Every structure is written in C-alpha cells, then in structure tokens.
Amino acid sequence: MAEHDTRTGLLYALAGFALLSVGDAVIKTMAGQWSPIAVAALRFVFGAIGLSALLLVQQGPPAFRPRRPWLQFGRGLCLAMATIGFFSAVFLMPLAEATSLIFVAPIITAILSGPILKERVPRITWLASLAAFGGVMLILRPNFLELGWAACLPLGSALFMSLLVLANRAVARDGSALSMQVFMAGVAAPTLILAAAAGHFSGEPILSIGVPDWTVIARCALVAVTASTAHWLVFIGTTKAGAATIAPMTYVQILVAASLGWLWFGDVPDIATFAGAGIIIAAGLMLWYAGRPRTLPISD
C-alpha cells in the first residue's frame, strides 16, 4: 500500500511540475504583446481573487488575519520580485535557458541558510555550488553576449525565490497552506501593479502598458489556473510520497520547457545549454542526496 502511494505521489508531482512549464510557455506566447510586468500583475490578480474566495469558503474571515504581517509582507515582496525577473526572462530568452537558470535557487537557499538561519553549511553544499556555477556560466555565455545584463534576470529571480523559501520556513506553522498562498498573492498582486505602472512611465517600450487584446487577458487567467492546479498536484504528491521523495521530479520542468520551446517557438537548445542544465541538475540532486533521510520510514 505504501509503495502504491509513493508511485501515485510521484505521478501527481510529475504532472504538477510539468504543468508549471506549460504555464511558462503560455507566458512566453505573450512576449511583445504586453508588458511582462503587467502580465505578471494580472496573473496574480486573478490568482489572489480565486485563492481568497476559496479561503473564505473553506475557513471563513478569521483565516485572513496573519500572525506576523511583516513576515507575510516580505514573502509577498520576494514572490513579486522573483516573478518580475522570471517573466521578463521568459519574454527575452529561450524557455529552456530561463527555466534552467532558475534551478540554481536550491543552491542559493542552501548557502543563505548559513548567514540567515544560522545553520551549518556542509562541504557538499559548496561543492554543489561550484558545480552549479559552472553550469550557469555555460548557459549564460551565449545569452549574455546577445542580451547583456538582461541575461542575468533568471538569477535574480532565483535569489528572491531562495529568500522566499527561507521565509516560508519561518511561517510554516502560522496557518494553513491555503492561507499562506493567499497572504503571499495578496501582497504580490498590488506590488506587481505598482511595478507595472512604474515600468510604463519609465519610457521603456517593452514595459509600456496599453489596452491588451482579450486573448492576453484570457492567457493570464489560464496561467493563474494552471499554476494553482500545478501547486495542488504537487501538494497531493507531497502528502502521498513525501517532500524528499518527490524533490527530484521538479527537474522535469527543464525537460518540458526545452520540448515546448522547440515545438512552440522553434528554440533548439545548443550543446552548451544541455551541458549547463545537466550540471545544474546534477548539483541539485547532489544536495538532495546528501540531505535525504538516512533511514526508511516505518509503514504499516
């Protein structure tokens, strides 16, 4: 029975992570049609409204009172900054490259856990970090020559995602998983709206906001739905198989992103991208292997 639950959990997680990359591909279809920050803002407006309605029905008004408002604000701000970086990167870069670079986030999280959480950073973390850095350089090199510093957007996104993960640890017992999502989206949405307005008045053509085509609005709503569904599938997978067991499944996002980038946009990753992505994946799996439980859980 336990073995069946593990297999089922892995399939749920696999579907969830794959669906996240499908949403990323939908985001890329809007490149050049609207500001990437405006797309992110509208996506989170839809998400915040939908999640808030669900929380209200399930848990009632008291669930909307956070225990530590400033920490929840910090989580939402980190999510907003990470989203700006990633959405902008997806607009400017091939999907596989942008997605691969995001996966240095676990490495950054492991390193930052030392100075921020006062945790001991083991030697394996530094070895994995050096390996991941090599992978990043392989992927960045051709993109940096073409895009300049804009090619580093996914790395900025990964940094803020790492800070978000650290903040999530701090609020793990402050409420339900749904309420934590609502607080985060509730801060991210207005932050992104302000950022989109600032981008519009900056004079940069790519950040200009006009009246979008109805298909842009529909695709933003679709991304909100796919993201929420994906996180639900990953949550179910975690409850059935355990977080440590499903962790390697997250790298399916790179494979799906590469496939969709090729099929939808004609972006064929070069050898350097495949090599860099492989090194980053290997570094992440190295950390996962080192941190996994040493004993098997007892099951009935």
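The values are calculated or read from the model by the stated rules, or taken from the named source; none is laboratory data. Source: prediction; values computed, not measured. Here the Cβ is made from the backbone with ideal geometry for all residues, glycine too, and neighbour counts use every protein chain on show. The area values use the complete protein model at the heavy-atom level, side chains included, leaving out ligands, DNA and RNA. Shrake-Rupley method; radii C 1.70, N 1.55, O 1.52, S 1.80 Å.
Within the range 150-172, identify whether any single residue is out of contact with any Ser or Thr (no Cβ under 7 Å at 6 or more places or on another chain), open to solvent by less than 50 Å² (accessible area, probe 1.4 Å), assigned to a helix (DSSP H, G or I) and over 27 Å from MET286 (Cα atoms), and answer yes or no.
Looking for residues that are out of contact with any Ser or Thr (no Cβ under 7 Å at 6 or more places or on another chain), open to solvent by less than 50 Å² (accessible area, probe 1.4 Å), assigned to a helix (DSSP H, G or I) and over 27 Å from MET286 (Cα atoms), one finds at least one in the range 150-172, hence yes.
Please state which of the following conditions PHE86 fails to meet, knowing it meets all the rest: (1) within 25 Å of PRO212 (Cβ to Cβ); (2) not in a helix (DSSP H, G or I).
Condition not satisfied by PHE86: (2).
When residues of the range 112-130 are filtered for being open to solvent by 50 Å² or more (accessible area, probe 1.4 Å) and either at pLDDT 95 or above or out of contact with any helix residue (DSSP H, G or I) (no Cβ under 6 Å at 6 or more places or on another chain) (or both), how many remain?
8
Out of all the residues in the range 194-210, which are farther than 9 Å from ALA38 by Cα and out of contact with any helix residue (DSSP H, G or I) (no Cβ under 8 Å at 6 or more places or on another chain)?
Answer for the range 194-210, where residues must be farther than 9 Å from ALA38 by Cα and out of contact with any helix residue (DSSP H, G or I) (no Cβ under 8 Å at 6 or more places or on another chain): LEU194, ALA198, PHE201, SER202, GLY203, GLU204, PRO205, GLY210.
Listed residues PHE144, PHE183; which is open to solvent by less than 30 Å² (accessible area, probe 1.4 Å) and over 22 Å from LEU19 (Cβ atoms)?
Result of the check over PHE144, PHE183: PHE183.
If ILE139 meets every condition in (1) closer than 21 Å to THR109 by Cβ; (2) surrounded by fewer than 19 Cβ atoms within 10 Å (Cβ to Cβ) apart from one, which number is that one?
Of (1) closer than 21 Å to THR109 by Cβ; (2) surrounded by fewer than 19 Cβ atoms within 10 Å (Cβ to Cβ), only one is false for ILE139: (2).
For the range 184-300, give me every one of the helices (runs of 4 or more DSSP H) that falls completely inside it and has 1 or more residues that are modelled with pLDDT under 90 and among the aromatic types (Phe, Trp, Tyr).
214-241, 271-291
Inside the range 146-161, can you point out the residues that are among the aromatic types (Phe, Trp, Tyr) and under 18 Å from the mean Cα position of the chain (by Cα)?
Hit for the range 146-161 is PHE160, nothing else.
Please pick out the residue among ARG43, ARG67 that is out of contact with any helix residue (DSSP H, G or I) (no Cβ under 8 Å at 6 or more places or on another chain) and either farther than 11 Å from MET184 by Cβ or open to solvent by 20 Å² or more (accessible area, probe 1.4 Å) (or both).
ARG67
Can we say ALA241 is crowded, with 17+ Cβ neighbours inside 10 Å and within 17 Å of the chain's Cα centre (by Cα)?
Answer is no for this residue.
Just to be sure I understand, how many residues within the range 52-83 are polar (S, T, N, Q), more than 18 Å from VAL225 (Cα to Cα) and either out of contact with any Pro (no Cβ under 7 Å at 6 or more places or on another chain) or not in a helix (DSSP H, G or I) (or both)?
Number of matching residues: 2.
Taking into account only those residues within the range 7-51 that are touching a Lys or Arg at 6+ places or on another chain (Cβ under 7 Å) and part of a helix (DSSP H, G or I), which is farthest from THR229 (Cα to Cα)?
For the range 7-51, the residue satisfying everything is THR8.
Residues in the range 70-101 that are surrounded by fewer than 23 Cβ atoms within 10 Å (Cβ to Cβ), among the aliphatic types (A, V, I, L, M) and in contact with a Phe, Trp or Tyr (Cβ under 8 Å, 6 or more places away or on another chain): how many?
Number satisfying all stated conditions: 1.
Does at least one position in the range 245-264 carry a residue that is open to solvent by 50 Å² or more (accessible area, probe 1.4 Å) and closer than 22 Å to LEU42 by Cβ?
Within the range 245-264 (the criterion being open to solvent by 50 Å² or more (accessible area, probe 1.4 Å) and closer than 22 Å to LEU42 by Cβ), the answer is yes, since at least one residue qualifies.
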